[in-house]
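Step one of this worksheet: look at the structure below.
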Amino acid sequence: MSMLDAEVVQEYIRMCDDGWLQGWHERNAGNLTYRLTEAEVEECEIYFDYTDDWVEMDISVENLAEEFFITTGAGKYFRNIALDAEDCLGVVEINEDGDAYRVVWGFSGGAVPTSEFPSHMLNHSIKKEATDGLNRIIYHAHPEAIVSLTSILPLTAKAFSSALWRTITECPIVFPAGVGVVEWMMPGAGEIAVKTSELMETFDAVVWAAHGMFVSGATFDLAFGLMHTIEKSARIYLNTISAGKRSLRTITDTQLRDIAETFDLVDFNYSLLD
Ligand code: 13P
Ligand code: ZN
């Protein structure tokens, strides 16, 4: 037995591989963090080593104190994760003040957590609070159609949510709150991490202009499915405007309202309609 046999680690690796197969993870693109349940920590703890030093994070996430996360490593390639998970992935523990982490498993070649770790931790903090602990996943990828749209559409939640909702009927059902958008900013720590986490209070998905997307979910299926659905809608939207027919036929505001009522979408964000 090893840490890699744990069901949660297998599920995590499968999601990384699925993202790679979708073409969302060129080179070292993208990162994934998962907040372990207490039962999973108990199951995996025999493989943990608590001798590493604490590393300060420059942010404070008090409600994540003493939580454990599986994270991809900075500079690691998603295409290699299934082949050498122990080198590409690590498990980190957050300290009791919520302002430092230490590696307790993995990163066998000496890697550190993803450069987007501050964004991930701020997003986890917001989502843990907002969902009563339900959401455990933050996933960042570079899907190309949604990134294309950031060169075309106004960089607003209204423009993006409206375009995506009107393209595929399932979209308002899958992300009734809509999607948030961050204008171009330097990736990594700082302003972009704070801005993204503020948007995560309202949205489960946030688009980064000329870069990619962050999503949050309770399970691997939900987080992956959200990224997949948004990217598919963006692709169809792009195909349609490429054919020069965009204005011919889309789902109308009235039809969107009907969908929200029929499916009892209590979180449907009517403020993003005209
Ligand atoms: P990391 O290799 O540090 O995870 O960075 C990849 C990325 O997508 C940065 O936005
Ligand atoms: Zn990125």
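Just so it is clear, none of the values below were taken in a lab; they were calculated from the coordinates. Bear in mind that the values here come from a model prediction, so they are computed numbers and not experimental data. When we count neighbours, we look across all protein chains shown, and the Cβ atoms used for this are built from the backbone with ideal geometry, even at glycine.
Rank-order 202-214, 52-64 by packing density, defined as the average count of other C-beta atoms within 10 Å over each peptide's residues, highest first. Numbers along the way, then the final one.
Working: 202-214: 22.8, 52-64: 14.4.
Descending packing order for the listed peptides: 202-214, 52-64.
Can you compute the FRET efficiency between residue 2 and residue 145 using 1/(1 + (r/R0)^6), with r the Cβ-Cβ distance and R0 = 41 Å? Round to the nearest 0.05.
On the way: r = 38 Å, r/R0 = 0.93.
Once rounded, the FRET efficiency stands at 0.60.
Once you order the gyration tensor axes a ≥ b ≥ c over the Cα atoms, which shape class does the range 192-274 get: rounded for a/c under 1.5, otherwise prolate or oblate by comparing a/b with b/c?
It comes out oblate by the Cα gyration axes.
What ranking, highest mean first, results for peptides 101-108, 159-166 when packing means the other Cβ atoms within 10 Å averaged over each residue?
Working: 101-108: 20.8, 159-166: 23.4.
Going by the mean number of other Cβ atoms within 10 Å, highest first, we get 159-166, 101-108.
Where both partners of a DSSP beta bridge lie in the chain, what percent of those bridges are antiparallel, to the nearest 5?
Expressed as a percentage, antiparallel bridges in the chain total about 90.
For helix 220-242, what angle does its Cα long axis make with the longest principal axis of the chain, in degrees from 0 to 90 and rounded to 10?
Around 40 degrees separate the two axes.
On full extension of the chain, what length is gained from residue 130 through residue 74, given 0.36 nm per residue of separation minus the C-alpha to C-alpha distance?
Residue separation times 0.36 nm, minus the Cα-Cα distance, leaves 17.4 nm.
In degrees from 0 to 90, rounded to the nearest 10, what is the angle of the helix 7-22 Cα long axis to the longest principal axis of the chain?
50 degrees
Among 15, 243, 65, which residue has its Cα furthest toward the positive end of the charge dipole of the chain, with +1 on Lys/Arg Cβ and -1 on Asp/Glu Cβ?
Going by the charge dipole, the pick is 243.
How far is helix 117-130 tilted off the main Cα axis of the chain, in degrees rounded to 10, range 0 to 90?
Tilt of helix 117-130: around 70 degrees.
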